[in-house]
Amino acid sequence: MSNIAVTAQLPGPALELLRACHEVRVHSGPTMLEPEVVAGWAAGADALISLLANPVGAEVMERCPALRIIGNCAAGFDNIDCVEAGRRGIWVTNTPDVLTEATADLAWALILTVTRKIIEADAFLQAGRFKGWELDLMTGSGLQGRILGIVGFGRIGRAVARRGSAFGMKVMATHTSKAINGFEDVTFADIETLVASSDVLSLHCPLNDETRGLLHENRLRQMRRGAFLINTARGPVIDEAALVRVLEDGHLGGVGLDVFAQEPAVHPGLLGRENAVLLPHIGSATREARSEMAELAARNVLAVLAGDEPPSIVVRGR
């Protein structure tokens with residue numbers, strides 16, 4: 001029987017699956033944990049299930065000399081020092097696929113909300129300002145025939161592209177090295193061309209050294225005047241201070257952000273803006289998706305502890 005440390009309560013059957021075979025301890029309280037807290041909680045564990053909000057670096061691994069797997073309950077894994085895990089022979093897994101449709105739906109909710117002024121219109125009515133139908137009341141931007149640019153054409157990016165086609169948009173995306181059936185109508189371009197061409201630019205790339213600060217001020221100003229920017233990927237992909245300046249200049253039509261560079265903090269220049277829709281990182285927040293994420297994280301851990309290959313590998317252990 002192995003010892004499994006879990007940094008937060010998990011929905012669905014995940015904990016029952018783990019407890020059927022192993023000793024499990026679950027951290028209670030806030031899920032945003034400092035590295036030393038994660039290290040202290042995980043100390044001595046054979047397996048660790050972490051959330052995206054939990055940094056797992058060398059300090060944690062040092063306190064867990066028997067650690068065999070870090071099962072991240074998220075599709076992304078930028079909270080984990082994967083290089084250090086690989087050096088130590090520790091498996092790292094994630095939970096892709098099961099959150100794809102939920103996150104793509106949320107990206108589209110942001111697109112529709114910001115382009116059709118949904119939040120602004122609701123506040124207008126709730127404040128008692130609606131006096132009757134008017135021809136130019138709360139006019140937003142239509143999507144049909146416009147260009148949807150997708151940065152990152154992985155599982156979620158492709159799901160957003162399918163929705164874009166259904167809305168009658170022309171879809172462009174950043175280059176991919178793979179030929180993908182079913183997307184013959186998608187135009188692939190470099191990042192500069194994509195940014196300059198898009199009426200709606202939606203981010204779906206992972207966070208790494210190449211994408212950190214990808215949308216810096218120069219690129220933001222290369223976007224079409226009145227274009228919309230959507231981010232359900234990772235906050236640091238955008239230079240938030242530059243984004244605030246570009247919004248203050250009136251260059252963009254609006255933004256829809258589900259992620260932020262310094263979560264849970266939000267740049268104060270984004271708060272209170274009528275053309276900024278801000279959400280608390282709820283891209284995969286459906287009961288179904290979160291339960292399936294937790295179950296997949298558990299099954300990854302169980303597979304490694306049983307000596308088998310886990311379903312979703314980020315770093316191969318030994």
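The values are calculated or read from the model by the stated rules, or taken from the named source; none is laboratory data. Since this is a predicted model, take the numbers as computed values, not measurements. Cβ atoms come from the backbone with ideal geometry, glycine included; neighbour counts cover every protein chain shown.
Applying a threshold of 9 Å to beta carbon distances and a minimum spacing of six or more residues, or different chains, the list of pairs starting in segment 100-120 at a residue that is touching a residue at least 40 places away in the same chain (Cβ under 8 Å) and ending at one that is of a type in the set (S, T, N, Q) and in a helix (DSSP H, G or I) reads Ile119/Thr113.
The residue of segment 66-94 that is surrounded by the fewest Cβ atoms within 10 Å (Cβ to Cβ), among those that are under 16 Å from the mean Cα position of the chain (by Cα) and either small (Gly, Ala, Ser) or not assigned by TED's automatic domain parsing to the domain that holds Asp46 (or both), is Gly76.
Annotation: of all residues in segment 288-318 being of a type in the set (Lys, Arg) and not in a helix (DSSP H, G or I), the one that is surrounded by the fewest Cβ atoms within 10 Å (Cβ to Cβ) is Arg318. Remark: pairs (first residue in segment 73-88, of a type in the set (Lys, Arg); second residue at pLDDT 95 or above and part of a helix (DSSP H, G or I); Cβ separation under 8 Å; 6+ apart in sequence or on different chains) = Arg88/Met61.
Name the one entry in Leu194, Leu201, Leu252 that is touching a strand residue (DSSP E or B) at 6+ places or on another chain (Cβ under 7 Å), within 24 Å of Gln144 (Cα to Cα) and assigned to a loop (DSSP other than H, G, I, E, B). None of the other options fit; the residue is Leu252.
The residue that is surrounded by the fewest Cβ atoms within 10 Å (Cβ to Cβ), counting only those in segment 220-235 that are basic (Lys, Arg) and more than 21 Å from the chain's Cα centre (by Cα), is Arg225. For segment 240-260, the count of residues that are among the acidic types (Asp, Glu), surrounded by 15 or more Cβ atoms within 10 Å (Cβ to Cβ) and free of Cβ contacts under 8 Å to residues at least 40 places away in the same chain is nonzero.
Apart from one condition, Ala285 fits all of (1) under 20 Å from Cys82 (Cα atoms); (2) within 21 Å of the chain's Cα centre (by Cα); (3) part of a loop (DSSP other than H, G, I, E, B); (4) not β-branched (Val, Ile, Thr); the exception is (1). A single entry from Ala58, Ala5, Ala20, Ala53 fulfils the requirement of being surrounded by fewer than 21 Cβ atoms within 10 Å (Cβ to Cβ), among the small types (Gly, Ala, Ser) and touching a helix residue (DSSP H, G or I) at 6+ places or on another chain (Cβ under 6 Å): Ala58. Scanning segment 128-167 for residues that are of a type in the set (Gly, Ala, Ser) and farther than 17 Å from Ser197 by Cβ yields Gly128, Gly132, Gly140, Gly142, Gly154, Ala159, Ala166.
The C-beta contact set for segment 296-311 (first residue under 14 Å from Met1 (Cβ atoms) and in contact (Cβ under 8 Å) with a residue 60 or more places away in the chain, second residue crowded, with 19+ Cβ neighbours inside 10 Å and charged (D, E, K, R), distance under 8 angstrom, 6+ apart or interchain) comprises Leu305/Asp46; Leu305/Arg68.
Is there a residue being surrounded by 16 or more Cβ atoms within 10 Å (Cβ to Cβ), basic (Lys, Arg) and either outside the structural domain of Ser291 (by TED's automatic domain parsing) or without any contact (Cβ under 8 Å) to a residue 40 or more places away in the chain (or both) anywhere in segment 138-147? Within segment 138-147 (the criterion being surrounded by 16 or more Cβ atoms within 10 Å (Cβ to Cβ), basic (Lys, Arg) and either outside the structural domain of Ser291 (by TED's automatic domain parsing) or without any contact (Cβ under 8 Å) to a residue 40 or more places away in the chain (or both)), the answer is yes, since at least one residue qualifies. Among the numbered conditions (1) of a type in the set (A, V, I, L, M); (2) outside any loop (DSSP other than H, G, I, E, B); (3) out of contact with any helix residue (DSSP H, G or I) (no Cβ under 7 Å at 6 or more places or on another chain), the only one that Ile230 does not meet is (3). If the condition is being closer than 14 Å to Gly254 by Cβ, in contact (Cβ under 8 Å) with a residue 24 or more places away in the chain and either small (Gly, Ala, Ser) or surrounded by 15 or more Cβ atoms within 10 Å (Cβ to Cβ) (or both), then segment 274-283 contributes Asn275, Ala276, Val277, Leu279.
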